[in-house]
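Colleague: Sharing a structure here in structure tokens format.
The values are calculated or read from the model by the stated rules, or taken from the named source; none is laboratory data. These numbers were taken from a predicted model, which means no experiment stands behind them. Every residue, glycine as well, gets a Cβ built from its backbone with ideal geometry; the counts of neighbours run over all protein chains shown. When the accessible area is computed, the model is the full protein with side chains, heavy atoms only, and any ligands, DNA or RNA have been set aside. Shrake-Rupley method; radii C 1.70, N 1.55, O 1.52, S 1.80 Å.
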Amino acid sequence: MQILKSKVIGKGKPLIILHGFLGMSDNWKTLGTKYADEGFEAHLLDLRNHGKSFHSEDFSYEIMVEDVLNYLDLNDLEHINIIGHSMGGKVAMLLAVTNPEAIKRLLIADIAPKYYPPHHQDIIKGLKALDFTKISSRTEADEELSSYITDWGTRQFLLKNLYWKTKETLGYRFNLDVLAESQEEIGEALPSQKTFQGKTLFLRGSKSEYISPNDTELIKSHFPTASVEIIDNAGHWLHAENPKQFFEKSLTFLNS
């Protein structure tokens, strides 16, 4: 059995944080430290095929939930608080509806339990276009990637995954080939008729289209106690774009 890699910060109430597609635990290090300062033991996980966790041809939400359960079991973590962003939010939702006894509070960041059609094609195309036999610095990688992805912030988020595979050669931490082939799986909806009755909060970015007002009924059908709140002046990466408000709203919920 392979166990997910993680960064653990602080001591106290267990808090699991799951990153989004093409992300990694490091994206949550600053906020993880702040949660730790408030009495939480923050476990920042790298999901399979991401960050420093293992690579595998098998990739589905069911398998990722199993990975998280194995991690909880190995670390004797029970009745956890969990935050999941985007793809990590889908993992957290499925974990909650299939193993409700494991979850104390569920916080979902900018994703709904609905189906999303594949929409990362330009990003995948740009990442695949980088030729690391010719690119020898992050600056060169950024310049090449800008032909495909115009948004500087998105490129910086993606390029955090670069590392030196050897002294001379850069590479990605994520398993790009498997993730590129998993676009349909990434967009999957939460299975119908599955519910979680525990405390639940959805946070959505005011500039993001991932959660619309029309999704409230679907959210409530799976999570009857859920409330949906807005993070101002933020898009899909709401925890990075307005970390102050995200932290305040999330901490209020986690302490409720």
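Colleague: Under 7 Å by Cβ, and 6 or more places apart or on different chains, what pairs join a residue from the range 1-17 that is at positive phi with one that is open to solvent by 80 Å² or more (accessible area, probe 1.4 Å)?
Modeller: Pairs found: none.
Colleague: Among PHE202, PHE196, which is the only one that is outside any loop (DSSP other than H, G, I, E, B), open to solvent by less than 20 Å² (accessible area, probe 1.4 Å) and of a type outside the set (Asp, Glu)?
Modeller: The conditions single out PHE202.
Colleague: Let me ask you something else. Just to be sure before I move on: is LEU190 closer than 11 Å to LEU22 by Cα, aliphatic (A, V, I, L, M) and buried (at least 18 other Cβ atoms within 10 Å of the Cβ) in the structure I sent?
Modeller: No.
Colleague: If you don't mind, there's one more thing I want to ask. In the set LEU95, LEU69, which member is closer than 24 Å to SER208 by Cβ, without any contact (Cβ under 8 Å) to a residue 60 or more places away in the chain and not hydroxyl-bearing (Ser, Thr, Tyr)?
Modeller: Residue meeting the stated conditions: LEU95.
Colleague: Could you tell me which numbered condition ASN242 fails, if it satisfies all but one of (1) over 17 Å from GLY88 (Cβ atoms); (2) surrounded by fewer than 18 Cβ atoms within 10 Å (Cβ to Cβ); (3) touching a Ser or Thr at 6+ places or on another chain (Cβ under 9 Å)?
Modeller: Evaluating ASN242 over (1) over 17 Å from GLY88 (Cβ atoms); (2) surrounded by fewer than 18 Cβ atoms within 10 Å (Cβ to Cβ); (3) touching a Ser or Thr at 6+ places or on another chain (Cβ under 9 Å) leaves (2) as the failure.
Colleague: Turning to a different aspect of this structure: Among the residues that make up the range 219-228, is at least one of them charged (D, E, K, R), free of Cβ contacts under 8 Å to residues at least 24 places away in the same chain and within 30 Å of LEU251 (Cβ to Cβ)?
Modeller: Checked against the condition, which is being charged (D, E, K, R), free of Cβ contacts under 8 Å to residues at least 24 places away in the same chain and within 30 Å of LEU251 (Cβ to Cβ), the range 219-228 yields at least one hit.
Colleague: So, of the residues in the range 42-89 that are closer than 26 Å to TYR116 by Cβ and of a type in the set (Gly, Ala, Ser), which turns out to be farthest from the chain's Cα centre (by Cα)?
Modeller: SER56
Colleague: What do you reckon, is LEU162 touching an Asp or Glu at 6+ places or on another chain (Cβ under 6 Å) and more than 23 Å from ILE111 (Cβ to Cβ)?
Modeller: no
Every residue, every condition in (1) hydroxyl-bearing (Ser, Thr, Tyr); (2) in contact with a Ser or Thr (Cβ under 8 Å, 6 or more places away or on another chain); (3) open to solvent by less than 10 Å² (accessible area, probe 1.4 Å); (4) assigned to a loop (DSSP other than H, G, I, E, B), yes or no:
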{"position": "SER208", "(1), (2), (3), (4)": "yes, no, no, yes"}
{"position": "GLU217", "(1), (2), (3), (4)": "no, no, no, no"}
{"position": "LYS220", "(1), (2), (3), (4)": "no, no, no, no"}
{"position": "PRO224", "(1), (2), (3), (4)": "no, yes, no, yes"}
{"position": "VAL228", "(1), (2), (3), (4)": "no, yes, no, no"}
{"position": "ASN233", "(1), (2), (3), (4)": "no, yes, no, yes"}
{"position": "PHE246", "(1), (2), (3), (4)": "no, no, yes, no"}
{"position": "LEU251", "(1), (2), (3), (4)": "no, no, no, no"}
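Colleague: Residues of the range 33-54 being part of a loop (DSSP other than H, G, I, E, B), in contact (Cβ under 8 Å) with a residue 40 or more places away in the chain and either loosely packed, with under 15 Cβ neighbours inside 10 Å or among the hydrophobic types (A, V, I, L, M, F, W, C) (or both), which ones?
Modeller: Matches in the range 33-54: LEU47, LYS52, PHE54.
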